[in-house]
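These notes are about the structure you will find just below.
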Amino acid sequence: MQPSTLEGDWYDGMSSRPRRAVVSREAGDRLRIASADEAREVALRDVRLSARLGATPRVLSLPDGSRFECHDSPLLDRWFP
């Protein structure tokens, strides 16, 4: 069974301190990012995915200025065809 979530670091756009979080794709073409103390949902179409560049982390940039960094995964290819 393939995973449906990705773990990574969530930067809130206000601080340089990352929070461990999980991102998942929800119904209605939405992404949900959840840490231990906060969760946000955003429309998939409003999220920018960084290009692949060697072994560097992939970055999901959200419209509120926050970002989620994770290892590259085939799951990202399914979410962002």
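The values are calculated or read from the model by the stated rules, or taken from the named source; none is laboratory data. Not measured: the values here are computed from a predicted model. Cβ: placed from backbone, ideal geometry, glycine included. Neighbour counts: every protein chain shown. For the accessible areas, the whole protein counts, side chains as well, though only heavy atoms, and no ligand, DNA or RNA atoms are used. Shrake-Rupley method; radii C 1.70, N 1.55, O 1.52, S 1.80 Å.
Scanning segment 72-81 for residues that are among the acidic types (Asp, Glu) and either open to solvent by less than 40 Å² (accessible area, probe 1.4 Å) or assigned to a loop (DSSP other than H, G, I, E, B) (or both) yields one hit, 72.
Would you confirm whether or not segment 24-31 contains a residue that is open to solvent by less than 50 Å² (accessible area, probe 1.4 Å) and in contact with a Phe, Trp or Tyr (Cβ under 7 Å, 6 or more places away or on another chain)? No, because not a single residue in segment 24-31 is open to solvent by less than 50 Å² (accessible area, probe 1.4 Å) and in contact with a Phe, Trp or Tyr (Cβ under 7 Å, 6 or more places away or on another chain).
Of the conditions (1) in contact (Cβ under 8 Å) with a residue 60 or more places away in the chain; (2) under 18 Å from residue 18 (Cβ atoms); (3) open to solvent by 70 Å² or more (accessible area, probe 1.4 Å), residue 69 fails just one. Which one is it? So the condition that residue 69 fails would be (3). For segment 25-61, a tally of residues being touching a helix residue (DSSP H, G or I) at 6+ places or on another chain (Cβ under 7 Å), in a loop (DSSP other than H, G, I, E, B) and under 19 Å from residue 9 (Cβ atoms) returns 0. Of the residues screened, residue 39 is one that is over 13 Å from residue 69 (Cα atoms), touching a strand residue (DSSP E or B) at 6+ places or on another chain (Cβ under 7 Å), of a type outside the set (D, E, K, R) and surrounded by fewer than 12 Cβ atoms within 10 Å (Cβ to Cβ).
Looking across segment 62-71, the residues that are under 15 Å from residue 13 (Cα atoms) and part of a strand (DSSP E or B) come down to 67, 68, 69.
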